[in-house]
Protein chains: 4
Amino acid sequence: MIQVGDRIYLVLEDGKKYRLQVKKDGSFGTHLGQVDFNQCIGREFGEWILTSQGRKGYLLQPGVVENIFHMRRRTQIVYPKDLGFILLMLDVKEGDRVIDVGVGSGAMLGALARLVGDKGRVYGYDRREEFISLATQNLIEWGIQDRVELKCRDAQAGFLETEIDALFLDVPQPWDCLLAVWNALRGGGRLAIVSPTTGQVTQVLEGLARLPFIEIEVWESLFRKYKTNPRAFRPEDRMVAHTTFMIFARKVLS
Amino acid sequence: MIQVGDRIYLVLEDGKKYRLQVKKDGSFGTHLGQVDFNQCIGREFGEWILTSQGRKGYLLQPGVVENIFHMRRRTQIVYPKDLGFILLMLDVKEGDRVIDVGVGSGAMLGALARLVGDKGRVYGYDRREEFISLATQNLIEWGIQDRVELKCRDAQAGFLETEIDALFLDVPQPWDCLLAVWNALRGGGRLAIVSPTTGQVTQVLEGLARLPFIEIEVWESLFRKYKTNPRAFRPEDRMVAHTTFMIFARKVLS
Amino acid sequence: MIQVGDRIYLVLEDGKKYRLQVKKDGSFGTHLGQVDFNQCIGREFGEWILTSQGRKGYLLQPGVVENIFHMRRRTQIVYPKDLGFILLMLDVKEGDRVIDVGVGSGAMLGALARLVGDKGRVYGYDRREEFISLATQNLIEWGIQDRVELKCRDAQAGFLETEIDALFLDVPQPWDCLLAVWNALRGGGRLAIVSPTTGQVTQVLEGLARLPFIEIEVWESLFRKYKTNPRAFRPEDRMVAHTTFMIFARKVLS
Amino acid sequence: MIQVGDRIYLVLEDGKKYRLQVKKDGSFGTHLGQVDFNQCIGREFGEWILTSQGRKGYLLQPGVVENIFHMRRRTQIVYPKDLGFILLMLDVKEGDRVIDVGVGSGAMLGALARLVGDKGRVYGYDRREEFISLATQNLIEWGIQDRVELKCRDAQAGFLETEIDALFLDVPQPWDCLLAVWNALRGGGRLAIVSPTTGQVTQVLEGLARLPFIEIEVWESLFRKYKTNPRAFRPEDRMVAHTTFMIFARKVLS
């Protein structure tokens, strides 16, 4: 049952979406009319309310994808198309201790924190104070800040943790951190790096080759959305062509 | 520390991989020589042993991706490229109650069971007894059978659960199950369907349009692997062109 | 040497492009200032002039790609990414007699007319008078109208030619024309059909299966453009996801 | 009417294909039985003959695509998926004078020679005598050797022609030839370069930036083939993931 303070994901009948916080006696203006929050309180997710113009608005619970796309952000985010694959390749699971370097707005922190459970731990590193602060805000909003420790610190200087299960690296010059990464990971620990340009990937590959890493793979993903009219089923006209290359490796002992 | 009975993921120095169970006094033959299991016992993951031909073999822990690709299977599996995205779109998390229809060899069951945690529950449906049995074996091997209930039952006949958070449907004629799916889901609950042909997708879209489902999306993914030689960075010559279309929807109340 | 009446392809120093006709004492306004046509007259292609704001504008000769993208058009065009492949698969060459059905704005007519040479012939069919007229204008502008015969006629009613080497079909319901197409083609003659939706392709495939056609193939193309900064070589952020499916077949005798 | 000496493209009823030369009293063995050439003589293209096992074999005329894929070759060829686009971007047409550098087995020479007509000219450069010889054989077989001049010469040493309309460069280190290329092209002349690795493209882009070239573009193409069963229309399982990057530019005067 929706209560005051809950986050809701409002989907209007024309498909337009909003992620909102329900406030007592409050309202929210849309192009299809005002949404009266008092009408939402006490409803179950999945129900709908009417706007002031008599248009339907469905009340849904936001999930991780909706949270990421509607969060406060000031950085490029890891897209869902890449995020799901990275989480799988990092094999993040209950009880894992993982590091996220270059936390940005905190999307990856949120996804990792959800996966490690109450017994796991996520360590977030960023050298920019503003992003530590922004990520903290977003984690609080998602209610999973307890599993995360944030540190305003340059990854190149080394990590404070060892025996880490998985590490995600999203910085402009990842090759500078590879020795620190190797030191932080446990034997067999998994590494994922995102870099948008081919030159960056080349430098990362050179760096990985100099250290005991195996199972090195580079991937990119192309996701194509389709129009959902069954009488004219076909791909959308345009798509995202590139977000990032994804580089994976596992630490071994030399 | 590796012990008798453990599953290991052996990566030879030429990149060839094997998922093995360590047996006391046992051995395993590879094209680069015999691996003596007694040599593996007591090692840490990430270390290496030598084969009888003096070639290195790294001892890694298998994760979800390695488990899926090396499991006993008699069905087409959901590829990692699609699996990560589906899990994200289904928003599966600790405590969720989810249904997997058409369990096949059990790969999706395993992935879901890991995500729902000890308080969650996965209900698996398949009308073919042989797959219930195969999936059970694989779940036992992965050690997560306690979170899963398997039922040899036709989904079209309806599900025994209600208020389900997320449902994954992998059957040849998914349109026949859509009413049963709608009944099983909670308000706002999430549905993912995989179908390989455009005709199947068209029929699913027609079926979804007749029921209160919103946020209907159809996606396909293309993942391209790159050669990892930094001096000749380029995509591999060939790739998987198609596995399945992924259809997503959320239940609302009419 | 550029003369009055010539078509030029003006490329400004910021990459913005215009296809223009040089007029005596005329000028053309751009966001980087006026281009004085008298300055262009007598120049060689490849040279540059200065705009009224002192910015460089390169004077190039428009080619088939530039002509197509800058022509008067009121229809969806066949994109270069598909056009080159279709022309190759149709094996159009000097002396060929080819048919273009659904001429639209005339882009394909222009491409075909260039390939068949002075001894070849292109027959264009469209049942909409306005497109016969528009295509005629464009052909005159490109100076290749002599090789083309246009007919305002429904393809379903049959073609007036036989022993045709290659036929291109771009109409909403191509399956209605397949018998007429078979009758028009010579033995071994080549057919290409473009259709944007999967349902259309399915119907075309059903129609082709009922007639003596072999070498049936269906293709789609995805072209990805890259950013040309050598220090950050990577694909563009967005791309065309879909234009059309391309269906090919060759006529045989039963 | 098929005659002794003609090249035919034989398509068996199971889709297997052969490019053959018809020889008097000769025969050709296939997995579906012997094909008796005397049976083929006097037939029209599009007709079929029976093999010794009573299976149908269709008699088609080979076109440019069939010629390329079935020619004698000892090099990587430019695939049709890229070839059609390159020919379009190079804007090759009747009367053009074009250069092909790195002729390899001669596929591009053949495609270019067809397009330039009797009044055009194709100049082929390769520093390896064996490829000059192989390309010559293939051109003779296709009957278009009169339009082509082959030179066993290193492109880096400069071209013997000037005022060239279009130039195609397929060598391992294209950046070494760019000044020679610029000198050979006419103002506005078009250049296409193929290179498989990202590092090569980066070096080409650096080289192009140092010379008066504009309209620089880099593309790659992904072509996906579909299964042609109308009841299960879907992409093939696997596809070519990468052949080459295609780099385009036009010469201007500085």
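Every read-out reported here was derived from the displayed coordinates using simple, explicitly stated rules and does not represent laboratory data. Just so you know, these numbers come straight off a predicted model, no measurement behind them. So basically every Cβ, Gly included, is an ideal-geometry build from the backbone, and we count neighbours across all protein chains shown.
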Quiz item: Of the residues A:ASN183, A:ASN38, A:ASN138, which exhibits the maximal mean-square fluctuation in a Gaussian network model of chain A defined by a 10 Å Cα contact cut-off?
Solution: A:ASN38
Quiz item: Put a point 7 Å out from Cα along the line to Cβ at D:GLN34; what are the distances to that point in the other copies, in nm, shortest first?
Solution: 5.5, 8.4, 9.3
Practice problem: Sort shortest first the distances from D:ASP14 to its counterpart in every other copy, using label points 7 Å along the Cα-to-beta-carbon line, and give them in nm. | Solution: 3.3, 5.9, 6.3
Quiz prompt | Projected area averaged over orientations for region C:57-105, convex hull of C-alpha atoms, nm² | solution = 4.9
Self-check item: Per-residue mean of C-beta atoms belonging to partner chains within 10 Å, peptide B:201-212
Solution: 3
Self-check item: Helix-only [θ]222 nm of chain C, DSSP H runs n ≥ 4, -39500 (n - 2.57) each, per residue, nearest 500
Solution: -7000 deg cm²/dmol
Quiz item: HN-Hα J couplings of region D:76-93 from phi, Karplus 6.51/-1.76/1.60, θ = phi - 60°, integer Hz, Gly and Pro as x?
Solution: 4, 9, 6, 5, x, 4, 9, 4, x, 5, 4, 4, 5, 5, 7, 6, 6, 8
Self-check item: Karplus 3J(HN,Hα) series, Hz, for region C:147-156 with 6.51 cos²θ - 1.76 cosθ + 1.60 (x for Gly, Pro)
Solution: 8, 10, 10, 9, 9, 7, 7, 7, 4, 4
Quiz item: Residue by residue through region B:226-238, which ³J(HN,Hα) values in whole Hz follow from phi under the Karplus form 6.51 cos²θ - 1.76 cosθ + 1.60 (θ = phi - 60°), with glycine and proline marked x?
Solution: 10, 5, 9, 6, x, 7, 9, 5, 6, x, 4, 5, 10
Practice problem: Compute the whole-percent fraction of alpha carbon pairs in region D:46-176 spaced more than 20 Å apart. | Solution: 47
Practice problem: For chain B, with a Gaussian network of springs between Cα atoms less than 10 Å apart, report the residue from B:LEU139, B:LEU90, B:LEU50 with the top mean-square fluctuation. | Solution: B:LEU50
Quiz item: Rounded to two decimals, what is Rg over Rh for region C:121-254 when you use alpha-carbon atoms and the Kirkwood radius?
Solution: 1.07
Self-check item: Amide H contacts under 5 Å for D:ASP100, placed H, 5+ residues apart
Solution: D:TYR123, D:GLY124, D:TYR125, D:PHE168
Self-check item: Equivalent ellipsoid semi-axes, chain A, via Cα gyration tensor eigenvalues times 5, rooted, Å
Solution: 38, 22, 15
Quiz item: What does the average come to when, for each residue of peptide A:13-20, you count the partner chain Cβ atoms lying within 10 Å of its Cβ?
Solution: 1
Quiz item: Which semi-axis lengths, in whole Å and largest first, follow from the square roots of five times the eigenvalues of the Cα gyration tensor of region C:22-108?
Solution: 35, 15, 12
Quiz item: Taking a temperature of 20 °C and a viscosity of 1.002 mPa s, what whole-number D in µm²/s does Stokes-Einstein yield for region C:191-254 with Rh from Kirkwood over alpha carbon pairs?
Solution: 152
Exercise. Could you list the square roots of 5 times each eigenvalue of the Cα gyration tensor of region D:151-211, that is, the equivalent ellipsoid semi-axes, sorted largest first and rounded to whole Å?
Key: 19, 13, 10
Quiz item: Which of A:GLU94, A:GLU161, A:GLU44 moves most in a GNM of chain A, Cα contacts under 10 Å?
Solution: A:GLU44
Quiz item: Along the three principal axes, how long is region C:133-185 when you take its alpha carbons, biggest first, rounded to the nearest angstrom?
Solution: 34, 24, 15
Exercise. Using only the Cα atoms of region C:187-227, each taken as one equal point scatterer with no solvent, compute I(q) by the Debye sum, divide by I(0), and report log10 of the ratio at q = 0.14, 0.17, 0.19 Å⁻¹.
Key: -0.42, -0.57, -0.66
Practice problem: Please work out how many pairs of lysine residues in region D:66-251 are eight or more positions apart (or on different chains) and have Cα atoms closer than 26 angstrom. | Solution: 10
Quiz item: At a Förster distance of 51 Å, what's the computed FRET efficiency of B:SER254 paired with C:ILE216, Cβ-Cβ distance as r, to 0.05?
Solution: 0.70
Practice problem: Using only alpha carbon pairs under 8 Å that are at least six residues apart, calculate the relative contact order of chain B and give it in whole percent. | Solution: 13
Quiz item: What size of dipole, in debye to the nearest 20, comes out for region C:66-251 about its Cα centre when the only charges are +1 on Lys and Arg C-beta atoms and -1 on Asp and Glu C-beta atoms?
Solution: 560
Exercise. Work out, in µm²/s and without decimals, the Stokes-Einstein translational diffusion coefficient of the protein assembly as shown at 4 °C, 1.567 mPa s, Rh from Kirkwood over C-alpha pairs.
Key: 41
Practice problem: Grab the residue from chain A whose Cβ hugs the A-to-D rotation axis most tightly, plus its distance in whole angstrom. | Solution: A:THR198, 2
Practice problem: Using the 7 Å Cα-to-Cβ label point, sort the distances from C:GLU217 to its equivalents in the other copies shortest first and give them in nm to one decimal. | Solution: 2.3, 3.1, 3.4
Quiz item: Any idea what diffusion coefficient region B:108-166 gets from Stokes-Einstein, in µm²/s, Kirkwood Rh on alpha carbon pairs, 25 °C, 0.890 mPa s?
Solution: 206
